[in-house]
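For reference, the structure is listed below as structure tokens.
The values are calculated or read from the model by the stated rules, or taken from the named source; none is laboratory data. The shown structure was predicted, so the numbers you read here are calculated from the model rather than taken from an experiment. Here Cβ is always computed from backbone atoms with ideal geometry, including for glycine, and neighbour counts include all displayed protein chains.
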Amino acid sequence: MHKILQVKTCSSVIVLLCACAALVSCKPKALPEPKPMGYFRIDLPEHRYRLLDTTLQLKDSGTDVGLFPLPFRFEQSVFANTTIEPQEDNIVWATVRYPDLNASLRFTCFTVKNADSLRNLMIREDKMVKFHYQKADDVQYSVIRDPEAHIWGQSYEIFGKEVATPFQFWLTDSVNRFVRASLYFDGTPNNDSLQPVIQYLKEDAMHLINTFAWKP
């Protein structure tokens, strides 16, 4: 609840304020001060999406090595492109890249072997978020839950000028599959100047989460 401060002014105070105003008006005009450093304006396109049903060609040093469908689908930005890395030890990597924004959302998809495996993956995510605490000003998380779609997870917004991954999330069906993703920028982060871009990409990531579905 906000506390409202009431200020009472008597006639003697008004006279004093008027006298002070007169003295201030007689002072020589102050020299102009330099403006604080600003950042270039970034023009961002309107959000537009398309379904990514992931039967895509694999990327291996620029050479197509076959077809591999990811076990999920989602809607991604029309301004992004997706590549999938070869499977290794039941792990698949995919990257949703924004070439015009020098940013990417990097996915890792794990096969869950048992309850202990799932628990260890969740603990690992918690540790990875805590790793950013030394650079973060604040960390806010949201619980993701859709029992009908068999989707459970968490998303994390990590605030701070030098934070490497300002947004990340993980999703699981609690039985067979576990997916994690993190937002990265090329080069050394300066999240103050990138804030409009970060917010834009967070909206895209949330749309991706809201349209995420496991494939049979």
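Checking each residue in region 142-161 for being surrounded by 14 or more Cβ atoms within 10 Å (Cβ to Cβ) and either charged (D, E, K, R) or assigned to a strand (DSSP E or B) (or both) picks out Ile144, Asp146, Ile151, Trp152, Gly153, Gln154, Ser155, Tyr156, Glu157, Ile158, Phe159, Lys161. Within region 85-102, residues that are under 18 Å from Asp43 (Cα atoms) have Cβ atoms under 8 Å from residues that are modelled with pLDDT under 80 and not in a loop (DSSP other than H, G, I, E, B) in no pair, counting only partners at least 6 apart in sequence or on another chain.
Scoring Phe159 on the criteria (1) among the aromatic types (Phe, Trp, Tyr); (2) farther than 20 Å from Phe74 by Cα; (3) in contact (Cβ under 8 Å) with a residue 40 or more places away in the chain leaves a single failure, condition (3). Within region 79-127, the set of residues being under 22 Å from Val175 (Cβ atoms), of a type in the set (D, E, K, R) and modelled with pLDDT of 90 or more comprises Asp116, Arg119, Arg124, Glu125, Asp126. Could you tell me whether any residue of region 64-73 is at pLDDT below 60, over 24 Å from Leu194 (Cα atoms) and β-branched (Val, Ile, Thr)? Within region 64-73, one or more residues are at pLDDT below 60, over 24 Å from Leu194 (Cα atoms) and β-branched (Val, Ile, Thr).
Set side by side, the residues Leu208, Leu118, Leu171, Leu201 differ, and just one is among the aliphatic types (A, V, I, L, M), assigned to a strand (DSSP E or B), crowded, with 19+ Cβ neighbours inside 10 Å and touching a strand residue (DSSP E or B) at 6+ places or on another chain (Cβ under 7 Å), which is Leu171.
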